[in-house]
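What follows is a single structure, written as structure tokens, with notes after it.
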Amino acid sequence: MPEAFVPEGMNLPYSLEAERAVLACLLLDPKCLDTLQAGGFRTEYFYRQEHKAIYTAILNIDSRGDQVEPVAVITELQDTNQFGDPASVRQYIRELADLLPSTQNVGAYSKVVQDKFFKRTLIETASEILEEARSDAEESDIILDSAEQKIYNIRQGRNSSSASRIGDIIVDKVVPHLTNLSGPDREKYLGTPSGWGDLDAMISGLNRSDLIIVGARPAMGKTSFALNLAANVSKKGNKVLFFSLEMTKEQLAERVISMEARIHGQKMRNGRLSTQDWTNFSTVAGAINEIPLYFDDTSNITVNEMKARIRREKDVDVVIIDYLQLMQAGGRVESRVQEVSQITRSLKLMAKDLEVPVIVLCQLSRNTERAGGKNHRPQLADLRESGSIEQDADIVLMLYRDDYYQQPGGEEENMDRNDINTVEIIVAKNRHGPVGSVDLAWNSEFTLFTSIEKRDDDIFA
């Protein structure tokens, strides 16, 4: 962190005594290093540069399998020329070894050092936010999103957890979870239902912390599938935040009205609604007005900005992003493949950190078009731009319609065909269960996906 960001005259907090005590414990009893590393102690927690150098030397010695003791540390520091003057190195290490603190308190000493580090980080971060606000180089919304992310990153670092014994995990986590799943309120603890029973049976619903990729060729129905999913989930009272990098909020709302009110999509675009259409529109609009479905149509939004907005909305149950190829990493990268890898990894971490299922739409490559008319069904290898998409995803769903390849005309014409067909939802990857496929009914007139046995349900059922 540049010194210029720290307010003039402010002394950053640190404890010289605690830092020296931690190092003294390590020199007296190398086993203390296991205690520190198990608790996630890091080199940057030290404030004094000489203390960072000594701790680094101890880590280097330990990594080679050598015994950590004062003479070895002195030699390591002299070989790497960390202190400059060999005499000062010997003198300082001897002073540390002569402190004779109780090594039993190494945990307490390290907590003091860690606490001071996070306070310094807060001061430096607040100063950086102040500098960004003063510079007036960015809009306030961008600065706010950046500030929230920086504070969140500090908290995440502070809340890092250590390993847990399997017996403790079973008693504290597994048994209560299974008890809840077996109880009368089991639905509260299952994955969020997608609204399609056959699909839920295969993927166990939309599980918290899952990254779910929905891949398909253009005009196959990705956005319609996502909007149907969003409506299904939100009608059950679950809060859905839908990020659209391609369509506006108004267009998305019109699509939802079309599929729920059974109004032809073309009529929603040209305004030629019949009396019955207006009746259906009024009925459905009143019902939809109460559901917790939120649209964000910000273009060029980054994953960090999404995280900030999800936290700000609070209690979000499902996140949907349309679509991956329009996203940017927000920093300089060497290639698009590297950028997509960074994006998908960040999306998976976002799902894990916020404990919410993140569903991301993704375009497939043209490989499916070159199948010679025999079998156009997509495969994992058809995910565009990066193998990290397949690697980071917990579940990969792919949409396939035979009629997409059988009918003449362009993509828009195929989307607007006024009939009902079957859409195959291919579960190409499933970290939690089997792979396979599920058939849904697709009504292109209303851009509507329904379970085969429920295609004649009442409006807004």
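The values are calculated or read from the model by the stated rules, or taken from the named source; none is laboratory data. The model shown is predicted, which means the values in this text are computed figures rather than measured ones. Here the Cβ positions follow ideal geometry from the backbone for every residue, glycine too, while neighbour counts run over all protein chains shown.
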Single condition LEU347 does not satisfy, out of (1) outside any helix (DSSP H, G or I); (2) crowded, with 16+ Cβ neighbours inside 10 Å: (1)
Helices (runs of 4 or more DSSP H) completely within the stretch 163-278 that count 3 or more residues being in the same structural domain as TRP442 (by TED's automatic domain parsing) and in contact (Cβ under 8 Å) with a residue 24 or more places away in the chain: 197-203, 222-234, 249-261
Members of the stretch 200-223 that are more than 21 Å from the chain's Cα centre (by Cα) and within 28 Å of SER341 (Cβ to Cβ): MET202, ALA216, ARG217, PRO218, ALA219, MET220, GLY221
Which listed residue, of ILE389, ILE301, ILE320, ILE310, is modelled with pLDDT under 85, among the aliphatic types (A, V, I, L, M) and either within 17 Å of ASP210 (Cβ to Cβ) or part of a helix (DSSP H, G or I) (or both): ILE389
Out of PHE242, PHE295, PHE281, PHE225, sole residue that is over 30 Å from GLU424 (Cβ atoms) and aromatic (Phe, Trp, Tyr): PHE281
Spans of helices (runs of 4 or more DSSP H) in the stretch 39-100 with at least 3 residues in contact (Cβ under 8 Å) with a residue 60 or more places away in the chain and closer than 14 Å to LEU23 by Cα: 86-97
Scan of the stretch 101-117 for residues that are polar (S, T, N, Q) and either touching a Lys or Arg at 6+ places or on another chain (Cβ under 6 Å) or within 14 Å of GLU17 (Cβ to Cβ) (or both), ordered by number: SER102, ASN105, SER110
Residues of the stretch 191-215 that turn out to be at pLDDT below 85 and buried (at least 24 other Cβ atoms within 10 Å of the Cβ), as a count: 0
